[in-house]
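Here is the structure we will look at, set down as structure tokens.
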Amino acid sequence: RFVFTSSPQWNPWASAFNSRDDQRVSKTLIDKLNEWNDPRIGILAQLPQDESVKNYVGAANSLSADAANNQGFNKVSRPGTYFLKDSSPAVFYTYAEVLFIFAESAARGWITADAETLYREAITASLNQFGIIDNHIIDSYLQQEAIRFDAAHWYESIGWQKWIAYYGQGPDAFTDWRRLGYPQLIPGPDSVLGSGELPRRFFYPVTEQSLNGKQYQIAISHQGADEITTRLWFDVANKER
């Protein structure tokens with residue numbers, strides 16, 4: 001991890017909140033954390049500023065500015081204060097991520113190990129990372145039917161839990177969502193990409209076309225058009241898991 005200090009060497013997410021206050025936690029995540037009574041919810045999110053709202057509430061994705069304002073920013077949850085301090089660290093790699101990789105490797109039969117044990121250890125490592133160390137709380141969470149490892153659908157079990165553990169590590173979560181296919185995200189009502197479409201990649205920068213045009217053309221001839229909806233080679237729609 002990279003630990004920031006105070007201004008001007010402060011965490012950029014914290015810095016952004018000093019100039020604008022329109023970022024809220026996704027409804028997809030909050031709904032799942034509420035459904036599973038996930039003890040991380042109070043770390044990943046804040047209760048809404050509107051004191052009449054007593055529970056954590058997520059903001060619907062892909063709303064226009066007007067629609068978001070109508071929904072009421074004060075009635076939905078901001079990111080947790082853990083992530084908004086000047087010195088909040090930028091995380092590159094966690095113990096939980098390592099254990100999820102081992103769990104997937106075991107589930108695929110690439111290594112000789114128990115995938116369920118590694119999966120449980122990975123979730124525990126994520127909980128510990130966010131300061132949840134009470135064994136009773138951890139065991140109660142792991143014992144829920146919805147949390148238990150499903151060997152026949154390991155990609156769903158690992159996909160969901162790894163996605164939650166990646167909170168604050170957006171590019172990593174984006175990659176594994178495409179690679180594992182979970183969670184199954186639903187495009188927002190105001191998406192500019194068309195019905196049922198979600199972003200699948202980033203564009204190449206314009207300089208790639210102007211300074212490296214030949215290789216740029218070779219690349220898109222293999223992977224498909226330089227569009228935000230083009231699926232890359234590791235995207236689950238293009239291959240078997």
**Request:** Holding the Cα-Cα limit at 21 Å, pick out from LYS54/LYS75; LYS85/LYS162; LYS27/LYS75 the pairs that are longer than that.
**Result:** LYS85/LYS162
**Request:** Starting at the first residue of region 90-101, write each ³J(HN,Hα) from the Karplus equation 6.51 cos²θ - 1.76 cosθ + 1.60 with θ = phi - 60°, in whole Hz, x for Gly and Pro.
**Result:** 8, 9, 9, 8, 10, 4, 4, 4, 4, 5, 5, 5
**Request:** Just need the relative contact order of the chain here, percent rounded to a whole number, with Cα pairs under 8 Å and 6+ apart.
**Result:** 17
**Request:** Could you list which residues have their amide H under 5 Å from that of SER26, counting only those 5 or more apart in sequence or on another chain, with H placed in the peptide plane?
**Result:** ALA59
**Request:** Report the Stokes-Einstein translational diffusion coefficient (µm² s⁻¹, integer) for the chain, Rh taken as the Kirkwood radius over Cα pairs, at 20 °C with viscosity 1.002 mPa s.
**Result:** 107
**Complete:** With R₀ set to 35 angstrom, the calculated FRET efficiency between the beta-carbons of ASP50 and GLN143, to the nearest 0.05, is 0.55
**Item:** In sequence order, calculated HN-Hα J values of region 220-231 (Karplus, 6.51, -1.76, 1.60; Hz; x Gly/Pro)
**Value:** 6, 5, 8, 9, x, 4, 7, 10, 5, 9, 6, 7
**Prompt:** Tell me, what HN-Hα J-couplings in whole Hz come from the Karplus equation 6.51 cos²θ - 1.76 cosθ + 1.60 at θ = phi - 60° for each residue of region 158-164, using x for Gly and Pro?
**Reply:** 5, x, 5, 5, 5, 4, 5
**Sparsely packed GluC sites (Glu not before Pro) within region 137-208, loop by DSSP, other Cβ within 10 Å at most 14** = GLU145, GLU197
**Complete:** Mean accessible area per residue over the chain (1.4 angstrom probe, all protein chains present, square angstrom) is 57
**Request:** List every residue whose amide H lies under 5 Å from the amide H of ASN37, counting only residues 5 or more places away in sequence or on a different chain, with H placed 1.01 Å from N in the peptide plane.
**Result:** none
**Item:** TYR95 versus HIS136: modelled label distance in nm, points set 7 Å from Cα along the beta carbon direction
**Value:** 2.3
**Item:** Neighbour cut-off at most 16 other Cβ (10 Å), DSSP loop, trypsin sites (Lys or Arg not before Pro), region 24-113
**Value:** LYS54, LYS85
**Asked** Where the accessible area of the chain is counted over protein heavy atoms with a 1.4 Å probe, how much of it, in %, is carbon and sulfur?
**Response** 53
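The values are calculated or read from the model by the stated rules, or taken from the named source; none is laboratory data. What you are looking at is a predicted structure, and each value in this text was computed from that prediction instead of being measured. Every residue, glycine among them, receives a Cβ derived from its backbone with ideal geometry; neighbour counts consider all protein chains shown. All accessible areas refer to the heavy atoms of the entire protein, side chains included, with ligands and DNA or RNA removed. Shrake-Rupley method; radii C 1.70, N 1.55, O 1.52, S 1.80 Å.
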